[in-house]
């Protein structure tokens with residue numbers, strides 16, 4: 001199974017790779033990371049007007065393990081930094097994370113990063129078509145395989161800049177902009193202070209179960225969706241302070257929270273045009 005169609009990053013104890021002012025276009029991987037891939041405590045730094053466009057992570061043989069991260073996949077303790085006019089555009093993941101997939105690893109976005117027009121194809125009926133722009137999760141729910149044993153940790157996404165934009169991405173299930181999947185005792189640690197998550201979309205056909213009391217208006221978790229993919233837990237580390245969220249005023253949910261856990265407090269963010277700012281289902 002090939003990973004990192006354009007570049008596969010180093011693993012510890014090797015040093016980091018610094019990608020600056022590069023273009024990756026039309027790359028593909030038969031596994032994860034259509035454009036770039038980093039894993040096992042490797043450190044990948046991307047910036048300086050780098051563009052990753054029209055790349056594909058193929059092979060939806062298993063939506064949990066393969067076909068993740070159309071542009072970039074970061075896993076198993078890998079460390080990723082995106083900054084300085086980095087663009088992830090028009091990439092496709094066969095399963096999840098059309099632009100960026102972060103799995104039991106850490107990604108930091110700051111200083112002019114745009115994630116735009118990416119798509120998570122997947123299989124909505126099977127639950128694997130999430131995170132058109134960004135997909136964040138842990139490997140624990142896959143069972144106690146080697147990765148889950150060694151890297152039994154959070155998926156961490158940190159965005160602390162008003163110049164980070166996640167827009168016009170699509171997913172065939174949930175979280176057109178951003179999806180966070182959690183499993184006790186791990187969680188997805190997500191901070192998007194000041195980030196714009198706008199005009200993303202999901203397949204309406206797969207979301208008719210989410211509706212107002214009348215049952216006549218389908219609601220879509222198009223911008224941010226959080227879901228418990230394992231045991232019930234309390235999530236303390238989803239911080240959407242000052243995040244700018246906007247979408248379709250006729251159908252979109254700003255933040256959708258699903259299944260047997262709670263976010264501490266009501267998310268504090270800046271809602272724009274939305275049908276429902278925040279929806280939580282038991």
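The values are calculated or read from the model by the stated rules, or taken from the named source; none is laboratory data. Model, not experiment: these values are computed from the prediction. Because the Cβ atoms are built from the backbone with ideal geometry, glycine has one as well, and the counts that use them run over all protein chains shown.
A few comments on the model shown:
- Within the stretch 129-150, if we keep just the residues that are at pLDDT below 85 and buried (at least 22 other Cβ atoms within 10 Å of the Cβ), the residue that is farthest from residue 198 (Cα to Cα) turns out to be 140.
- Cross-chain or 6+ apart pairs with Cβ under 7 Å, the stretch 263-275 first and over 20 Å from residue 191 (Cβ atoms), then surrounded by fewer than 15 Cβ atoms within 10 Å (Cβ to Cβ) and modelled with pLDDT of 85 or more: 273/249; 274/249; 275/249; 275/250
- Applying the set (1) modelled with pLDDT under 90; (2) surrounded by 24 or more Cβ atoms within 10 Å (Cβ to Cβ); (3) touching a strand residue (DSSP E or B) at 6+ places or on another chain (Cβ under 6 Å) to residue 63 leaves exactly one unmet item: (2).
- Take the conditions (1) over 15 Å from residue 6 (Cβ atoms); (2) assigned to a loop (DSSP other than H, G, I, E, B); residue 108 misses just one of them, which is (2).
- The set of residues in the stretch 162-190 being closer than 16 Å to residue 115 by Cβ, modelled with pLDDT under 90 and buried (at least 18 other Cβ atoms within 10 Å of the Cβ) consists of 180, 190.
- Taken together, the residues in the stretch 241-268 that are farther than 22 Å from residue 129 by Cα, in a loop (DSSP other than H, G, I, E, B), in contact with a strand residue (DSSP E or B) (Cβ under 9 Å, 6 or more places away or on another chain) and modelled with pLDDT of 85 or more amount to 2.
- Here is the figure for the stretch 107-128: residues that are at pLDDT 90 or above and on the phi < 0 side of the Ramachandran plot total 12.
- Scanning the stretch 85-106 for residues that are surrounded by fewer than 24 Cβ atoms within 10 Å (Cβ to Cβ) and modelled with pLDDT under 95 yields a total of 1.
- Near pairs, Cβ below 6 angstrom, 6+ apart or cross-chain, from the stretch 112-131 (over 16 Å from residue 32 (Cβ atoms)) to any residue that is assigned to a helix (DSSP H, G or I): 124/206
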